[in-house]
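Okay, structure first, notes after.
Bear in mind that the values in this text are calculations on the coordinates, not laboratory data. This is a predicted model, so every value here is computed, not measured. Using ideal geometry, Cβ is built from the backbone for each residue, glycine included, and neighbour counts are taken over all protein chains shown.
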Amino acid sequence: MKFDAELIAQMKRVLAAVEQILPQVADPVDWSNTLAASWRSHTVAGYLEALPHTTQTRLEDLLGIEAQKILAADNTAQFVAGLPANNVLLWGSRGTGKSSLVRALLHEYSAVGLRVIQVDKDDLPHLPDIFAQIKSEPYRFILFCDDLSFEAGELSYKVLKSALDGSVYSAPPNCLIYVTSNRRYLIPQYDYDNLGNHMKGGEVRASESIEEKSSLSDRFGLWISFDSFSQEQYLHVVRQCIQRLCSELGRALPWTQACEDAALKWSHDKSKRCGRTAFQFARRWVGMELRKQDDAAAE
């Protein structure tokens, strides 16, 4: 049977269009050689993609959050040991080490079977697909959603609620969910939430509205809060960062009033006293001061 050239060309165009909407063919993740993966959505489906493990963040590298490290590490140690453990909500100010703490947990416990799967908020409806792929694996998985919050009208949070609390979409026994957020309740709350019978849009049962907004965060068994540093804490962390950077380089720098003043000005310019700000200042100060030492020695 012969096909004319125009029909063949049309069929090729159709096939090319179909290929654009089909998910990429990906090899299964080899978890014996992969510590972390991310879920990649593709129109009608998705797949797990192995991530190169480049971060070497250790728990001891995270300064100024000792209580938070203990809570998270204890919970994770229970989990990898096959003991009861909780899903975790890490919430609080930006730059305080929430995401870094999860990366440090992977570094700490990967040798005993911990793995991490990162999922974006928009991909939460794919949680059942992810669970189906990992439930038979002999590893312990943290499903990690970073910087999560929901705006009014978004419905994907309902999938997460189901995954957290024992519905047909619940996570398998070898998986916990760790979420970071700047919001304690993940969903915005407004002044009119507490206005009783004068609710916006005619809502009259205030308590039910508030309960709905609180119900998602309530499903996390462990809340770990992160606050901005006091000035004393901030300066202490700056000093530790400078000492560690110098130690790695085999050099030394004194702690001076000029350094303290510069560190405080840096935090004022950043409008934030936190671990990230302290580390950024330390890198700037150490690089600048050691360069001065080198230039002086070369003269």
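Observations on the structure shown:
- Prolate/oblate/rounded call for the range 231-298, Cα gyration tensor, a/c under 1.5 rounded: prolate
- In this structure the amide hydrogen of Q118, modeled in the peptide plane, comes within under 5 Å of the amide hydrogens of A37, S38, W39, F144, none closer than 5 places in sequence on its chain.
- Using θ = phi - 60° in the Karplus curve 6.51 cos²θ - 1.76 cosθ + 1.60, the 3J(HN,Hα) couplings for the range 102-108 round to 5, 4, 5, 5, 4, 4, 6 Hz; x is entered for Gly and Pro.
- If the chain linking D218 and D146 were pulled fully straight, counting 0.36 nm for each residue of separation and taking away their Cα-Cα distance, it would gain 24.1 nm.
- Placing dummy labels 7 Å off each Cα toward the beta-carbon, the span from D120 to E299 is 5.2 nm.
- Which listed pairs, of K161/K270; K98/K161; K69/K158; K158/K270, have C-alpha distances above 25 Å, in listed order: K161/K270; K69/K158; K158/K270
- Close amide H pairs (under 5 Å, H built 1.01 Å from N) link T34 with no residue at least 5 positions away or on another chain.
- Cβ-derived FRET efficiency at R0 51 Å, Q56 paired with E154, nearest 0.05: 0.90
- Cβ-derived FRET efficiency at R0 45 Å, E248 paired with S38, nearest 0.05: 0.90
- Sequentially through the range 45-50, phi angles give Karplus couplings (6.51, -1.76, 1.60; θ = phi - 60°) of 7, x, 7, 8, 10, 5 Hz, Gly and Pro residues having no value and appearing as x.
- 3J(HN,Hα) from dihedral phi, the range 284-299, Karplus parametrisation 6.51/-1.76/1.60, rounded to Hz, x for glycine, proline: 5, 5, 4, x, 5, 6, 5, 5, 4, 4, 5, 5, 5, 5, 7, 6
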